[in-house]
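Data first, discussion second: the structure below is written as structure tokens.
What follows is calculated from the coordinates using simple rules that are stated; it is not laboratory data. Since we're looking at a predicted model, the values are computed, not measured. Here Cβ is always computed from backbone atoms with ideal geometry, including for glycine, and neighbour counts include all displayed protein chains.
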Amino acid sequence: MRRDAGPLIEKPTGRSSARWVPAGPALCFLGLLGLLLSLFGAAGAASMHQSRPVRVGVYQNEPKIFTGGDGKAAGIFIELIEAMAGDAGGELTYVPCEWSTCRSLLQRGEIDLLPDVAYTAARDEVFDFHKTPALQSWSRVYRSPGVPIADFADLDGRRVAVVRGSVQQESLRQLTSGFGYQVALIEADSFEAAFRLAEDGAADAAVANHFFGEHFYRRFGLETTSIEFNPSSLYFAAPAGRNADLLSAIDGYLDEWVSAPDSPYQAILDNWLPRPPSSRVPELVYWLIGGIAALLLGMTAVALLLRREVRRRTSHLQTANAGLRDSQERLGQQSRELQALNAVGNQVTGSLTLDDVISTAMGEIMQVVQPDAAMMLLRDGDRLIERAYAPAEERENVDPFPQHRVGACLCGLAVNDGKPVYSLDIFSDDRCTWDECKRAGFRSSASLPLRSGDESLGVLGLFTREPRDFESQATFLETLAAQVSTAIRNALLYERVLHHASELEQRVAERTAELEIAREKAESADRLKSIFLATMSHELRTPLNSIIGFTGILRQELPGPLNAEQAKQLDMVRGSARHLLALINDVLDISKIEAGELDVSHDAFDVRSSVEEVMRLVTPEASRKGLSLSAAIGPDVGTIVSDQRRFEQILLNLVGNAVKFTERGEVAIECQSRGGAIITSVRDTGPGIRPADIPRLFQPFQQIESGLDRRHEGTGLGLSICRSLAGLLGGEVGVVSQWGSGSTFSFTVPATGKGGAGGQHPRH
């Protein structure tokens, strides 16, 4: 951490408790001070100075830090810094701000100190922190009433309110995304705002540190969950490179106060976070001081009494010191337990596979709790399956549990009831039915159920050979079991995800193999179709051309005169043969297009000549039906480079369809040049096309039910062929139609021969 010079509050070199010691029963004067210095050692005088007021950021995170209804800053961190400043003679000014704003102000150096900041590596890049944590915290998910959230898996698809830029936001994002859960994180400016979102139904749950959450969740009508994560150490933070001496002074106070039961630190925690009462040692000390002062006043006349009183008071002092040591030991134990929980949480949540979680958890438990042995059993129906035993080398000397059953022995009872089972003396405990436990010399045990919400996962058993009151550590051990339960639950969910993924991969592989077989069959069928069509093209077209040719000769009466009936029959034969030939040509064309074997040429030709040729071919049919047939060719339409045959084929198909389906009125052709392309349109006064039918127009073998198509023959391939040919020429086909008012079909062809290469066709 980067630190510069510039002290604002200087920590005294010795302990000063004047601000926190109540008035004793007797007055102390200069002589008393000299005696105390000789008996207990002099406390160094506080050196303090103040160059300017310390600007402290205040955001809403009750009870740790907040602005009260009276507009004054309050909370654990505020009272801590005020106690330090009061002791050192420093001056504080408060700057109210939202969490994200406070962070920005601190980074820019517009405030000197920001309390209640969780340490992260990223924040260490922009802020400086002191060394001794002010508090230990963790985070919890609180759900709206009726929302079924019990573990991390239940967050999938849920809306969770988090404070913008908080460690909870980033940690929850990493945890949920690591499992592939889709969780909508709704940002709020404060924990209160997050809880209000959950209260109002705008979020399914909210996340907060346990200080705020346990203090307020009932007020907002929320419910607790078993989802706990992100153990954190909380500090005062300063801008990077500034106020190093201020941070050092804070460390000095914390190092002295945290372990002292009568310190301002403990008094502040007791005020905000009530704890069981501790020994009233300070009062005895003050009576001792008063007694000594009284003895000093009459020491000349009562020397013997003074010695007796000193011995008596010394005895009391020894007793008080013993109580102090006990209190310090308890506080130290609590600190070690918090650090242990933090370490265990970081280790077990860093693994995803069940074996890794169990192995890591057992190793941390043996190191932190230090039992003689530990055993983890996971539930399988009404059975308990042993998954780990530590120390592993000792397992060979301990026979397996003959009957792992829910409800049997101490571990089974814990699983059955969902409550911890503690036994101080296994030998006299009738609930212990595992004789091997006694033969192994275990005296005390703790059976801690492993649960995730309402689901029973198993049990963690701890054993010692010397009597040990595990129940005195109940809070620590049960919190530890909850952390391990969460990690196991997450690992089980991860294994299920992997299993489902493996099954899915297998199904995909099987389906892929089936599709490959189907593709090979389809390709084989397509080859057979191509061979068939190639054969039929010759076998059918040759005799059809002969039929058409010979009927033409007969119709011209070259072999001899025909009567009216004979001429009629020959016309029918020739018409049918031509229709059949057109059908065969359409089928062969579409087959070549689909196979990518239809070639197009790029030669120069006159568009006007092609339009006139198409009109010549359709004029007889148009005249027979009494239709007006016209063509309008723009003056700038001349010679283009493309495939003339395919151009005329498209136009003939469109004009032929227009004449075929138009009973009265006109068919008009319009051809114009625009943007380097030739746009040719065919407009008719036919029945038009329904909007719902237009998407099917250009699909192969599709005929639109318009009331007229049933009276006309066709394959339904014409428009599909037109669309494919236009694509091969580098253009496209379109239609605009209104039901009952006619249709206009148009196609474009580049004028410079930029169409598709031979053997290629567009895929539709």
Item checked: Principal axis box of the range 141-244, alpha-carbon based, largest edge first, Å -> 49, 33, 21
Margin query: I need the Kirkwood Rh of the range 30-272: take the reciprocal of the average 1/r across all distinct C-alpha pairs and report it in angstrom.
Written below: 19.5 Å
Notebook entry, point to check: Each label point is 7 Å from the Cα along the Cα-to-Cβ direction; what then is the distance between the points at residue 628 and residue 663, in nm?
Noted result: 2.0 nm
Notebook entry, point to check: By how many nm would the segment from residue 609 to residue 424 grow when fully extended, if each residue of separation counts as 0.36 nm and the alpha-carbon distance is taken off?
Noted result: 55.5 nm
Check: What is the packing order of peptides 170-179, 560-569, taking the mean over residues of other C-beta atoms within 10 Å and listing the highest first?
Finding: 170-179, 560-569
Next item on the list: Could you list which residues have their amide H under 5 Å from that of residue 158, counting only those 5 or more apart in sequence or on another chain, with H placed in the peptide plane?
Entry: 184
Notebook entry, point to check: Sequence-distant or interchain residues sharing an amide H contact under 5 Å with residue 119, placed H: which?
Noted result: 233, 235
Checklist line | Pairwise label distance in nanometres, residue 694 with residue 672, each label 7 Å out on the Cα-Cβ vector | finding: 2.0 nm
Item checked: Residues whose placed amide H lies under 5 Å from that of residue 138, excluding near-sequence neighbours -> 210, 211, 232
Check: Could you give the nm distance between label points at residue 189 and residue 752, where each point is 7 Å from its Cα heading toward the beta carbon?
Finding: 6.1 nm
Next item on the list: Report ³J(HN,Hα) in whole Hz for each residue of the range 515-524, in order, from the Karplus equation J = 6.51 cos²θ - 1.76 cosθ + 1.60 where θ = phi - 60°; Gly and Pro get x.
Entry: 5, 5, 5, 5, 5, 4, 5, 5, 5, 5
Next item on the list: Just subtract the alpha-carbon distance of residue 110 and residue 732 from 0.36 nm times their residue separation and send over the number in nm, one decimal.
Entry: 217.3 nm
Note to self: Loop only by DSSP, 15 or fewer other Cβ within 10 Å of the Cβ. Give me the trypsin sites (Lys or Arg not before Pro) in the range 424-471 that pass, ordered by residue number.
What the structure shows: 431, 465
